[in-house]
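Written below as structure tokens is the structure these notes are about.
The values are calculated or read from the model by the stated rules, or taken from the named source; none is laboratory data. These figures come from a predicted structure and were not determined experimentally. Please note: Cβ atoms are built from the backbone with ideal geometry, for glycine as well, and neighbour counts cover all protein chains shown. The accessibility values were calculated without ligands, DNA or RNA, using every heavy atom of the protein model including side chains. Shrake-Rupley method; radii C 1.70, N 1.55, O 1.52, S 1.80 Å.
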Amino acid sequence: IEIYSLHVDCKVTSRFAHTVITSRIVNRANESREATFEVELPKTAFITNFSMSMDGEVYPGIIKEKAAAQNEYDMAVSQGQSAGLLKITDRKLEQFHVSVSVAAASKVTFELTYEELLKRQLGKYELLIKVQPKQLVKHFQIDVHIFEPQGIHFLETDSTFMTNELTEALTKVQNETKAHILFKPTLDQQKKNSELDETLLNGDFVVRYDVKRETTAGDIQIVNGYFVHYFAPQEMPVFPKNVIFVIDRSGSMTGRKIEQTRDALSRILQDLRPEDHFSFITFNNKVVEWKSSLLPATEENVASAAALVQTLTARGGTDISGALLTAVRVLEKAEELPERSVSMIILLTDGQPTAGERNVEVIQESVQKAINGKYALFCLGFGFDVSYKFLEKMALSNGGIARRIYENADAALQLQGFYQEVATPILMQIEMQYPENSIEGLTKNNFKLFFEGSEITVSGKISDELDLLPVEIKAQSHTSNLTLKEEANVKEKEQVFQNQRYIFGNFIERLWAYLNIQQLLEEAISAQEEDQKALEAQALDLSLQYSFVTPLTSMVVTKPQQQEELANKPTEAG
């Protein structure tokens, strides 16, 4: 089985990435063989299309509601054998895998399309393409086209497998608003060495960039009656933070995990700003406060905390509830904190609650009641023994986010990286306001916190009569209350994309649907049961209407001989 052509074609228009992977395979044997198409794609992406072409026949993937697809699939399974097509493979990726029997001397073409909105983190967008052909490929090519009407501020490529020879196969052409990256290695350039037919191409191909920002009230883009508004203010004073680290030191954290935690915390302590206040709570079946109150992050206090961190050892049970409620009490009785400051609790745990209150619903309720919207709770789940669903619901109900920390060599860096994302809050209580009677289907437009280096994205549908789209942003900064205003001329904005030949026409509408689905699913996690059903029903309608494989839909792939397979999008919560 030979892959004679593999083309990755990615078009990024205003942060929205549309990627098509085409693999052409020939069976050079004189009997039928199994051909496999395996692609790793970002977890944040939604598959929108898949097809398999053989002997003049095209076998498309059809996207259906999960339950309906499951019934069909169960029937197909009872008549033959089959397997799921999508699984999580690492902290950023999931794998799509399909194989089909190819007759002697026959060919098959696989084509997979997926889309995602690139998320700005720490001042840049990242487009990740996993390259793993597992053999030399005669025609191998990656094309990345980027069009950013705001202008490209910087652009870099990075790869885990580049050699000097391979660098020669990489070209980058760039002007003010556009870039084209082409990676097209010859067979010789792909080889590990001239004697062996082993490929060098194995790993990540990454494009990172950021855009230019001039207007303070962000940037509005409009196509076919849909708008997207990006807001990422710069050079604002940073809010002082009051942060409590709540660290699990139960028996299961023994060994490498507690070492990596110590390592990460030592680095995080160095990143605290002098105007921040902080404290530590460690817990197993007992909850231990480092100090009874929050301390300013002076050199002396940081050094004393760093010394304590080095003595952390792991044993005993896990009283998550007791530890979190203690953290809330410490914040509540804290005195002399800066008037305008951001209070947060960062929980790191690797297990289920086994001591104190063990019922996760009771814990969620009591923590939410205690926090009462005053502080943000961030939950980091270390490894796969945690109930991620429980941590995610708790974080989202309390203005924070959850993240799984993978038990790899770089776990300490993952922890530190997460901290850096939330280390610099520059705005609070952000309200993005648009004319109510002229906008439909507005995505989330109220945000508790904005961290430097990230970006707020709001999208919606504009009614036909509107010539000018006025925007007003209200927010609190460290020094004042802000009101920012901007007006977008609808016709002028529509013109920007008119003459761009590689733009797929309704990309802002698809971006709007993508963002809506992501937000509805997130909202559903922390909603009451009835609301949850309504939110999921809305997300399902959009997933079907716009052909996205989301956690609520499945793609049914029918192969020759009527064999069916299912692609179900996995979630971090499993």
> Where in the range 147-234 are there strands (runs of 3 or more DSSP E), lying wholly inside it, with at least 3 residues that are basic (Lys, Arg)?
Replying inline: none
>> Condition first: over 19 Å from the mean Cα position of the chain (by Cα) and assigned to a strand (DSSP E or B). Now tell me which residues in the range 116-141 satisfy that.
In response: Val131, His139, Phe140, Gln141
> Does Ala169 satisfy being farther than 17 Å from Glu126 by Cβ and buried (at least 16 other Cβ atoms within 10 Å of the Cβ)?
Replying inline: yes
>> For the list (1) buried (at least 18 other Cβ atoms within 10 Å of the Cβ); (2) not in a strand (DSSP E or B), I need the number of the one condition that Ile244 fails.
In response: (2)
> Only one residue in Ser366, Ser397 is surrounded by fewer than 17 Cβ atoms within 10 Å (Cβ to Cβ), touching a residue at least 24 places away in the same chain (Cβ under 8 Å) and not hydrophobic (A, V, I, L, M, F, W, C), so which one is that?
Replying inline: Ser366
> If a residue has to be under 21 Å from Gly317 (Cβ atoms) and not in a helix (DSSP H, G or I) to count, how many in the range 376-425 make the cut?
Replying inline: 11
>> Let me spell it out: the conditions are (1) closer than 30 Å to Thr550 by Cα; (2) surrounded by fewer than 19 Cβ atoms within 10 Å (Cβ to Cβ); (3) without any contact (Cβ under 8 Å) to a residue 60 or more places away in the chain, and Pro470 meets all of them except one. Which number is the exception?
In response: (1)
>> Of everything in the range 291-307, what is under 24 Å from Glu332 (Cα atoms) and either of a type in the set (D, E, K, R) or within 34 Å of the chain's Cα centre (by Cα) (or both)? Give them in sequence order.
In response: Lys291, Leu294, Leu295, Pro296, Ala297, Val302, Ala305
> When the range 443-467 is examined, which residues are found to be touching a Gly at 6+ places or on another chain (Cβ under 6 Å), open to solvent by less than 30 Å² (accessible area, probe 1.4 Å) and either outside any loop (DSSP other than H, G, I, E, B) or under 24 Å from Ala513 (Cβ atoms) (or both)?
Replying inline: Gly460, Ile462
> When you scan the range 18-70 for strands (runs of 3 or more DSSP E) that lie fully inside it, which ones turn up with 3 or more residues that are of a type in the set (Ser, Thr, Tyr) and open to solvent by less than 60 Å² (accessible area, probe 1.4 Å)?
Replying inline: 46-54
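Restrict the check to the range 563-573 and report whether at least one residue is over 25 Å from the mean Cα position of the chain (by Cα), of a type in the set (D, E, K, R) and modelled with pLDDT under 90.
Quick first cut of the range 563-573, residues over 25 Å from the mean Cα position of the chain (by Cα) only: 563-565.
Narrowing the set further to residues that are of a type in the set (D, E, K, R) leaves 564-565.
Next, from what is left, pick out any that are modelled with pLDDT under 90: 564-565.
So far as the range 563-573 goes, yes, one or more of its residues are over 25 Å from the mean Cα position of the chain (by Cα), of a type in the set (D, E, K, R) and modelled with pLDDT under 90.
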> When the range 550-562 is examined, which residues are found to be at pLDDT 85 or above and crowded, with 20+ Cβ neighbours inside 10 Å?
Replying inline: Thr550, Leu552, Thr553, Ser554, Met555
>> Could you check the range 289-333 and list, in sequence order, the residues that are farther than 13 Å from Leu272 by Cβ, in a helix (DSSP H, G or I), in contact (Cβ under 8 Å) with a residue 40 or more places away in the chain and open to solvent by less than 40 Å² (accessible area, probe 1.4 Å)?
In response: Ile320, Ser321, Ala323, Leu324, Thr326, Ala327, Val328, Val330, Leu331
>> Return the residues of the range 399-455 that are among the polar types (S, T, N, Q) and under 22 Å from Val238 (Cβ atoms); say none if nothing qualifies.
In response: Gln416, Gln420, Thr424, Gln429, Asn446, Ser454
> For residues in the range 484-539 being among the aromatic types (Phe, Trp, Tyr) and at pLDDT below 90, which is surrounded by the most Cβ atoms within 10 Å (Cβ to Cβ)?
Replying inline: Phe507
>> I'd like to check something: does the range 337-346 contain any residue that is surrounded by 16 or more Cβ atoms within 10 Å (Cβ to Cβ) and farther than 19 Å from Leu449 by Cβ?
In response: no
